[in-house]
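Read the structure below first, then the notes.
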Amino acid sequence: MTTATAPPRLQGDVAMWIIVVAEMLSFGALFFAFALARLNDPDLFAAGQQQLDASLGAVNTALLLSGSWCVARGVAALQSGSLGAGARWTGAAAACGLGFIGVKLSEYAARLAQGQDLEAGPFFTFYWLLTGFHFLHVVAATAVLAAIAWRVPRRRWGPGDVHAPETAAALWHMVDLLWVVLFPLVYLLR
Amino acid sequence: MKARLHPLDLRWLLLLAATALGWWLTESGGTATVGVVGGVWGLAGFKGALIALDFMALREAPPPWRRLVLGWLAVVVAALLVLGLAAQARAASAGSGGTASASFWPKPMAAAHSSPKSSAGCGVRTEPLPQVIAVAAQ
């Protein structure tokens, strides 16, 4: 008896994956620039990093990872035909995104209150560019996930048609993947 | 009723555990050692690979896509590890009397970056502006 194995399949739209790869390359260049600038002035960057609240970064890491888990469970539920579970998991992922946005806004408010804006030295220029670009991606991905969660019962995505949820999931997972590198680079390693 | 753990649940728990371990490594001991830097970047690579393979479902994707994402991750993590260790060595040599005065930023630019708005000293050079300009003019 032979068991048929499913042929390789990329989940989500190829256009989204091209965007994902382009974003990864862009962020990779920014990560490299940050590390290079830090190499040339480690004390200045260490002083800047000491001003950050790494615990808020850790909370946001847990939120993004949990969001990715929820999205993956949501897509798996839709692939197996469980519309209700798919909507709930995707909605939970969007809630994780909202949590990230709330924590990040409070962090930004604290930075601005201390005068640590985009022009407050090389470290904070990089801090705002890196985390700011990433934050915008989180906002976009959260909005897309919320729209998917709201549309699931109406659009009735199911086993034969999960293209849109899979495409939204690819966007979210990219945001998560980028943060997994950004968090230790900017917050943890001083 | 017996609750079953979905394979994705296990990945999520592993990711949270790796995050907690990385947090503990950096917060438990003051200055990061070589082992801590290596450990944290190793954990970041592990987490990224789990996200790519199991959440992004690249394990079942055509190999070129999987290689592209995992290759990006490997290159980025390796580069940041090497540059991070180099920065650490440079800071250590400066602390032990070595010279770390050379800056990526030209001195006038560094002076311009010394914003008085930042009271906490981050991104701030301690030399008074006229002194920095005088040094740069020499």
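Considering only residues that are out of contact with any Asp or Glu (no Cβ under 6 Å at 6 or more places or on another chain) and of a type in the set (S, T, N, Q), look in region A:124-174 and name the one that is nearest to residue A:64 (Cα to Cα).
A:142
Of all residues being among the hydroxyl-bearing types (Ser, Thr, Tyr) and touching a residue at least 40 places away in the same chain (Cβ under 8 Å) in region A:109-144, which is nearest to residue A:174 (Cα to Cα)? Just the residue, please. Talk me through it step by step, then tell me what you get.
Step one: list which residues in region A:109-144 are among the hydroxyl-bearing types (Ser, Thr, Tyr), which gives A:125, A:127, A:131, A:142.
Going one step further and asking which of them are touching a residue at least 40 places away in the same chain (Cβ under 8 Å), we end up with A:127, A:131, A:142.
Working: A:127: 19, A:131: 14, A:142: 12 Å.
Filtering first and then ranking leaves A:142.
Does residue B:90 meet the test of being touching a Pro at 6+ places or on another chain (Cβ under 8 Å), of a type in the set (Lys, Arg) and assigned to a helix (DSSP H, G or I)?
Judged against the criteria, residue B:90 is a match.
Being within 25 Å of the chain's Cα centre (by Cα) and crowded, with 17+ Cβ neighbours inside 10 Å is the filter; apply it to region B:59-68 and report the residue that is nearest to residue A:11 (Cα to Cα).
For region B:59-68, the residue satisfying everything is B:66.
Taking residue A:64 as the residue in question, decide whether it is more than 8 Å from every other protein chain (Cβ to nearest Cβ), surrounded by fewer than 22 Cβ atoms within 10 Å (Cβ to Cβ) and in contact (Cβ under 8 Å) with a residue 60 or more places away in the chain. Steps first, answer last, please.
Numbers: more than 8 Å from every other protein chain (Cβ to nearest Cβ): yes; surrounded by fewer than 22 Cβ atoms within 10 Å (Cβ to Cβ): no; in contact (Cβ under 8 Å) with a residue 60 or more places away in the chain: yes.
Against the criterion (more than 8 Å from every other protein chain (Cβ to nearest Cβ), surrounded by fewer than 22 Cβ atoms within 10 Å (Cβ to Cβ) and in contact (Cβ under 8 Å) with a residue 60 or more places away in the chain), residue A:64 does not qualify.
When both residues are 6+ apart or on different chains and their Cβ atoms are under 7 Å apart, which pairs have a first residue that lies in region A:8-34 and is facing chain B (nearest Cβ under 7 Å), and a second that is of a type in the set (Asp, Glu)?
Here the result reads A:8/B:60; A:9/B:60; A:11/A:166, each pair linking region A:8-34 to a residue that is of a type in the set (Asp, Glu).
Checking the condition modelled with pLDDT of 95 or more, more than 7 Å from chain A (Cβ to nearest Cβ) and either surrounded by 15 or more Cβ atoms within 10 Å (Cβ to Cβ) or in contact with a Cys (Cβ under 9 Å, 6 or more places away or on another chain) (or both), which residue from B:50, B:80, B:13, B:25 passes?
B:50
Looking at (1) part of a helix (DSSP H, G or I); (2) among the hydrophobic types (A, V, I, L, M, F, W, C); (3) farther than 27 Å from residue A:14 by Cα, which is the one condition that is false for residue A:96?
Evaluating residue A:96 over (1) part of a helix (DSSP H, G or I); (2) among the hydrophobic types (A, V, I, L, M, F, W, C); (3) farther than 27 Å from residue A:14 by Cα leaves (3) as the failure.
Condition first: surrounded by fewer than 18 Cβ atoms within 10 Å (Cβ to Cβ) and farther than 10 Å from residue A:79 by Cα. Now tell me which residues in region A:142-162 satisfy that. Break it down into steps so the answer makes sense when it comes.
Just the residues of region A:142-162 that are surrounded by fewer than 18 Cβ atoms within 10 Å (Cβ to Cβ), to begin with: A:143, A:147, A:150-151, A:153-156, A:158-161.
Passing the criteria: A:143, A:147, A:150, A:151, A:153, A:154, A:155, A:156.
The values are calculated or read from the model by the stated rules, or taken from the named source; none is laboratory data. Keep in mind that this is a model prediction, so the values were computed, not measured. Backbone-built Cβ (ideal geometry, glycine too); neighbour counts: all protein chains shown.
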